[in-house]
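Below is one structure, written out as structure tokens; the observations come after it.
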Amino acid sequence: MNQLEGPVAPEKRKLKVLGASLVAAIALTGCAPAGLNTADYGNAAEPASNDVAATPGATAGAAPETDPSAGATAEAAPGDANTPEISDELATNELKAQKVARMGTTVQDENGFVLYRFDKDEDSPAKSNCNGDCAKIWPPAVTNDGEPKLSGVDESLVGTVTRADGTKQLTLKGWPLYRYIGDKKPGQWKGQNVSGTWFVIQPNGTKNLTCLPAVSKPVAPPADDTSGDAGGSDSGSDYSY
């Protein structure tokens, strides 16, 4: 009997290795948004961790905190009375909590596009540090009245911040909200962990770390309108935001 166990052991080890590989492959596929190539997410997935994010409110699934001033509008900048008017087409008119397969709870706009927060922004007081080409890649959720329709989002956590160009941007628990031009259809979240600083935001203002792909580069900003190119290439760029 002992003589037979010798040659069988290596085969058992091979089966264990193969089994582990299959489990890893299944877990990887399960973390990527449906219908999208896992390679788009660095071809790797890591479990959620409370230590991943460097900024406050990083804990995955954290319960909302009571903060009466959390949704307060940031102090208006000089000349705020001349805030540019935003067209309905560009304005974000709704914030809704919506679950997405493989990611869980997200905050989406009226068109179903997932919204994000940026680690390099500030939440107390609110401040957006994404301007210029950054804002072309990550369009801010701008507003005229700061009163979007809400579904599953606490009104006390919603506020606005005045951007560098004078427009007003919606905030959630102090964090300015953005879309990502790399998301081509509602429910996608290809912006998760881009540059290690962009994350899907939850209704309580914290980052959703349910699925954390490897750090990836953002898409390139759109070409000038005169070029006739809508921009937003899916290939990674060298932009750091």
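The values are calculated or read from the model by the stated rules, or taken from the named source; none is laboratory data. This one's a predicted model, so the numbers in the text were calculated from it and none came from an experiment. Reconstructed Cβ throughout: ideal geometry from the backbone, glycine too, with neighbour counts over all protein chains shown.
Listed values, structure above:
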read-out	value
Lone qualifier among 216, 151 - being exposed (fewer than 15 other Cβ atoms within 10 Å of the Cβ), within 24 Å of residue 105 (Cα to Cα) and touching a strand residue (DSSP E or B) at 6+ places or on another chain (Cβ under 7 Å)	151
Flag if residue 207 is under 14 Å from the mean Cα position of the chain (by Cα) and basic (Lys, Arg)	yes
Failed item, numbered, when residue 81 is tested on (1) modelled with pLDDT under 95; (2) in a helix (DSSP H, G or I); (3) within 28 Å of residue 221 (Cβ to Cβ)	(3)
Wholly enclosed strands (runs of 3 or more DSSP E) of region 119-174 bearing at least 3 residues under 19 Å from the mean Cα position of the chain (by Cα) and not charged (D, E, K, R)	158-162, 168-172
Search result, residues across region 205-224 that are among the basic types (Lys, Arg) and farther than 23 Å from residue 98 by Cβ	217
Failed item in (1) under 19 Å from residue 89 (Cα atoms); (2) at pLDDT below 95, with residue 137 passing the rest	(2)
